[in-house]
Amino acid sequence: MLMASQLTPKLITCLILPSCLLIFIYSTLLPFQTTTTHILQSPASKNPLLPHLPCDLFKGQWILDPSRQPLYDSTCPFHRNAWNCIKNQRQNMGRINSWKWVPQRCDLNRVDPRGFLNLMRNKNIGFVGDSLNENFLVSLLCILRVADDGAKKWKRKGSWRGAYYPRFNVTVAYHRSVLLARYEWQAKQPALSGQGGVKGIYRVDVDHPANDWANIADFYDVLVFNTGHWWGYDKFPKETPLVFFKGGQPIHPPVEMFDGLKVVLENMIAHIEKVFPKKVLKFWRLQSPRHFHGGEWNQNGSCLLDEPLEELQLDLWFDPINNGTNKEARKLNKVIEETLKGTSIRSLDLSHLSEFRADAHPAIWLGKKDAVSVWGQDCMHWCLPGVPDTWVDILTQLITYNLETG
């Protein structure tokens, strides 16, 4: 009995310690197993965009990183002069390009031009829309040229501009179409204008895409659409209004510009869904915010700022409730996002991260004498290199994820 009582504690110890160890190991590894399963088993969808993770590439903050350098310089042959801010000796370009976008709870990888072009080998990328999509395109063209200095200018299939990368057999191009729908100038027709002072109208056929992109459905593997910056009375004043047609006839009762935008969006998105193959990866870039301070572009509006805006300043600048100069971006985004619901077109929400960057426009450094006196400061487009390079990082990361996951 004495020997048994002496052995019992040893036996208990031998049994309990391994059990505790096994429980600890199991409880430690369980969360990793659960997380892995959660990542791989993302919900089914038409075109999965991101893993089911607590990650939003579009929400985050700009962090100053003095070691950060742009991937290209003023010598890129695809530059548009007014946006080539290094060549135009814009002040503060070093600091403008030292800000790094850091999303919440995830990493944004800087694009690897060679790796991305290898992924896109024998594929094509198209941009359709206004000059802000061209701004986006030029950034991508210059970045990709780092991996193929034999890239050549390309302008076919109705494109406004583009480039061909022969080492990878990749074409990237831009089709200019500011309203997306077909529109044309018509001399004054009293029956349509119905009011004095009208010099003529711009007829908009809401159910017909503009010729510039009407025949590209079988060419591109990735497409990025946008519209918005031309939907204003500064572009189409009351004397030369937009008049909307459907089925070859004027829409009755006539619709004002903002309602016309809604009709055009509905019809163009329906056209894209019907005509473009399902395998084409389609994005719709939301509005790029403007940063005019003190007035519109033609009212001495300015953007001579040295630092990004603070988070607390954004609503003051952009919330439509405050009726500021730059209010249209959020207003238009709401309509665009509502129309995109239930489609295979993915929202590319670059608006919020761009709202901060009041410091990164060409402003008065436009590369042409008297440009400011004629056109005002440019507080709408972006310096290159600059903010659109971050747009490229996001777009290429999303494309990469989609192509690698099928």
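Report the one residue of V263, T227, F292 whose Cα lies farthest in the direction of the positive end of the charge dipole of the range 217-328 (charges on C-beta: Lys and Arg +1, Asp and Glu -1; origin at the Cα centre).
V263
Taking +1 at the Cβ of each Lys and Arg and -1 at the Cβ of each Asp and Glu, which of Y164, L137, G126 sits farthest along the dipole of the range 126-171 towards its positive end, judged by Cα position relative to the Cα centre?
My answer, from the dipole projection, is Y164.
Under 12 Å from the Cα of K87, which aspartates and glutamates turn up, not counting those fewer than eight places away in the same chain?
Correct list for K87: D73.
Skip the ligands, DNA and RNA, and give the accessible area per residue of the range 102-218 with a 1.4 Å probe, whole Å².
With all protein chains present, the range 102-218 gives 44 Å² per residue.
For the range 101-169, what does the alpha-carbon gyration tensor say about shape, rounded, prolate or oblate, given a ≥ b ≥ c as the root eigenvalues, a/c under 1.5 as rounded, and a/b over b/c as prolate?
Here the range 101-169 falls in the oblate category.
Restricting to the range 96-251, what percent of DSSP beta bridges are antiparallel, rounded to 5?
55 percent
Using each residue's phi in the range 82-94, evaluate 6.51 cos²θ - 1.76 cosθ + 1.60 at θ = phi - 60° and report the 3J(HN,Hα) Karplus result to the nearest Hz, with x for Gly and Pro.
Using θ = phi - 60°, the values come out as 5, 9, 7, 5, 5, 4, 7, 6, 5, 5, 6, 5, x Hz.
May I have the extent of the alpha carbons of the range 304-406 along their three principal axes, as whole Å values ordered from largest to smallest?
Here the Cα extents, ordered largest to smallest, are 50, 33, 26 Å.
Just flag the GluC sites (Glu not before Pro) in the range 229-337 sitting in loop per DSSP whose Cβ has no more than 16 other Cβ atoms within 10 Å.
E239, E256, E296, E310
How large is the dipole of the range 303-393 about the Cα centre if only Lys and Arg carry +1 and Asp and Glu carry -1, each at its Cβ, rounded to the nearest 20 debye?
Magnitude of the dipole: close to 460 debye.
Sticking with the crude label model, points 7 Å out along Cα→Cβ, report the distance from Q249 to L316 in nm, one decimal please.
Each label point lies 7 Å from its Cα, and together they span 5.3 nm.
So how many Å³ per residue does the convex hull of the Cα atoms of the range 197-270 work out to?
Convex hull of Cα atoms, per residue: 109 Å³.
Using R₀ = 45 Å, calculate the FRET efficiency as 1/(1 + (r/R₀)^6) where r is the Cβ-Cβ separation of Q61 and W185; round to 0.05.
0.50
Which trypsin sites (Lys or Arg not before Pro) from the range 146-229 combine a DSSP loop assignment with at most 14 other Cβ atoms within 10 Å? Before the final figure, lay out each step's value.
Numbers: sites: K152, K153, K155, R156, K157, R161, R167, R176, R182, K188, K199, R203; in loops: K155, R156, K157, R167, K188, K199.
Counting only loop positions with at most 14 other Cβ atoms within 10 Å, the trypsin sites (Lys or Arg not before Pro) in the range 146-229 are K155, R156, R167, K188, K199.
Filter the trypsin sites (Lys or Arg not before Pro) in the range 258-356 down to the DSSP loop ones having no more than 13 other Cβ atoms within 10 Å, then list what survives.
Within the range 258-356, the qualifying trypsin sites (Lys or Arg not before Pro) (loop, at most 13 other Cβ atoms within 10 Å) are K278, K279, K341.
Could you please report the charge total around Y202, scoring K, R as +1 and D, E as -1 over all other residues with beta-carbon less than 13 angstrom from its beta-carbon?
Charge balance in the 13 Å sphere: +3.
Starting from the Cα gyration tensor of the range 289-357, take the square roots of the eigenvalues, sort them a ≥ b ≥ c, and report rounded, prolate or oblate (rounded when a/c is under 1.5, otherwise prolate if a/b is larger than b/c, else oblate). Display every interim value, and only then the final one.
Working: a/c = 2.34, a/b = 1.85, b/c = 1.27.
Prolate, because a/c is 1.5 or more and a/b exceeds b/c.
The values are calculated or read from the model by the stated rules, or taken from the named source; none is laboratory data. All of these numbers come straight from a predicted model, not from anything done at the bench. A quick note on method: Cβ atoms are made from the backbone with ideal geometry, for glycine too, and the neighbour counts reach across all protein chains shown. These accessible areas exclude ligands, DNA and RNA; they are computed on the full protein's heavy atoms, side chains included. Shrake-Rupley method; radii C 1.70, N 1.55, O 1.52, S 1.80 Å.
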